[in-house]
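Since the structure comes first, as structure tokens, the remarks are kept for the end.
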Amino acid sequence: MLEDAWQGIGWMLGLDEDSLNVWQMAVRAVVVYIAAVVMVRLGEKRFMGKNTAFDVILGIILGSVVSRAITGSAPFFPSIGAGFVLVGVHWLFARIAFHFDRFGTLIKGENRILIKDGELQWKEMRNSNISENDLREMLRLKAGTDDPGQVKIARLERNGEMSVITKVSATTKSD
């Protein structure tokens with residue numbers, strides 16, 4: 001029975017075939033996409049820049065899949081079909097994430113509070129692999145200060161960017 005299951009998986013993925021059909025390429029695309037989401041979620045988000053890992057993965061895999069159709073290293077129509085499947089899975093996951101916050105957090109991550117009421121949150125900094133020097137650099141770039149005491153809250157957002165809300169100065173007058 002286990003051998004039959006493995007044969008079925010092998011057939012679905014086209015493991016023992018010289019050429020893949022559209023469905024085998026599509027199944028491979030979904031499997032690789034899900035595996036890539038898991039891989040990136042196990043890593044940290046700092047290297048991803050301004051996009052969430054969720055979006056970057058689509059760009060990388062889609063580029064790889066469709067480039068094979070261009071270079072002829074894979075059959076043209078199955079590669080294009082797999083690209084459409086990837087975009088569809090990305091859209092579906094985005095819709096599910098919109099309706100279910102836990103799913104969104106699972107595939108996109110969550111923000112981390114690095115400074116709260118002027119106090120460094122060392123555990124979150126450690127979990128994000130952000131040193132005090134890194135944090136001060138981000139404060140200078142985002143808030144024009146490197147003094148955490150002037151910060152009400154600073155977060156490492158899901159896309160890897162830092163957002164900063166500074167404390168309102170007592171000398172600030174309101175109009």
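Read-outs: derived from the displayed coordinates by stated rules, not from any lab. Because the structure is a prediction, the values reported are computed rather than measured. Glycine gets a Cβ as well: all are built from the backbone with ideal geometry, and neighbour counts include every protein chain shown.
Looking only at the stretch 111-152, which residues are part of a loop (DSSP other than H, G, I, E, B), surrounded by 13 or more Cβ atoms within 10 Å (Cβ to Cβ) and not acidic (Asp, Glu)? Full working, then the answer.
Going residue by residue through the stretch 111-152, those that are part of a loop (DSSP other than H, G, I, E, B) are 111, 117-118, 121, 128-131, 144-147.
In the following step, the residues that additionally are surrounded by 13 or more Cβ atoms within 10 Å (Cβ to Cβ) were identified as 111, 118, 121, 128, 130, 145-146.
Selection gives 111, 118, 121, 128, 130, 145.
Of the residues that sit in the stretch 57-102 and are touching a Leu at 6+ places or on another chain (Cβ under 8 Å) and not in a helix (DSSP H, G or I), which one is surrounded by the most Cβ atoms within 10 Å (Cβ to Cβ)? This residue is 74. Pairs linking a residue in the stretch 92-116 that is closer than 28 Å to residue 166 by Cβ to a residue that is in a helix (DSSP H, G or I) and aromatic (Phe, Trp, Tyr), with Cβ atoms under 6 Å and 6 or more positions apart or on different chains, are 108/54.
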